[in-house]
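Student: Take this structure, written in structure tokens, and hold onto it; I'll ask about it next.
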Amino acid sequence: MAIERTFSMIKPDATRRNLTGKITAKLEEAGLRVVASKRVWMSRAQAEGFYAVHKERPFFGELVETMTAGPTVVQVLEGENAILKNREVMGATNPANAAEGTIRKEFAVSIGENSVHGSDAPETAAQEIAYWFSGVELVG
Ligand code: CMP
């Protein structure tokens, strides 16, 4: 399996509860390496741009409000099969459906405040990494 990179975001509900370290530890324990990381309080325009794929969804307004309510930590993770591995460690979008031991099972509050975001495919990983990071900020 090739080494991949994926995009990960620790959401405002989690930074508010001081969970950045605990969430990052779970990612690292799964074999993912943090090759870029920064704390960002995103603007409304940045949140709308990042989640543009969801702009017709009924929850879009609430999503933008939630994502601009406090700081996030945006990260690039590297490892074997990193995209799928990150999604496994995160657990299901709705924490009510998340498996034991996953980040969302342990920490998420609700589907809207679900603590983390992770890319779902190689194309979105590349787009989401490029949205927040320049090449020189990725240090493997
Ligand atoms: P995320 O992986 O960041 O991608 C889009 C986000 O929209 C999702 O996690 C949820 O936090 C949020 N969201 C809010 N309501 C819903 C919903 N009904 N279905 C899917 N995602 C939702």
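Student: In 10 Å bins starting at zero, report the fraction of Cα pairs in the chain per bin as a rounded %.
Tutor: 13, 45, 37, 5
Student: Treating only the Cβ of Lys, Arg, Asp and Glu as charged (+1, +1, -1, -1), what charge dipole size does the chain show about its Cα centre? Round to the nearest 20 debye.
Tutor: Values: 16 positive and 18 negative charges, 73 e Å.
My answer is approximately 340 debye.
Student: Separate question: State, as an integer percentage, the relative contact order of the chain based on alpha-carbon contacts under 8 Å between residues 6 or more apart.
Tutor: 37 percent
Since every read-out is calculated from the coordinates, none of them should be taken as a lab result. Computed from a prediction, not measured in an experiment: that's the story for all the values here. Positions of Cβ are backbone-derived with ideal geometry, glycine not excepted, and every protein chain shown enters the neighbour counts.
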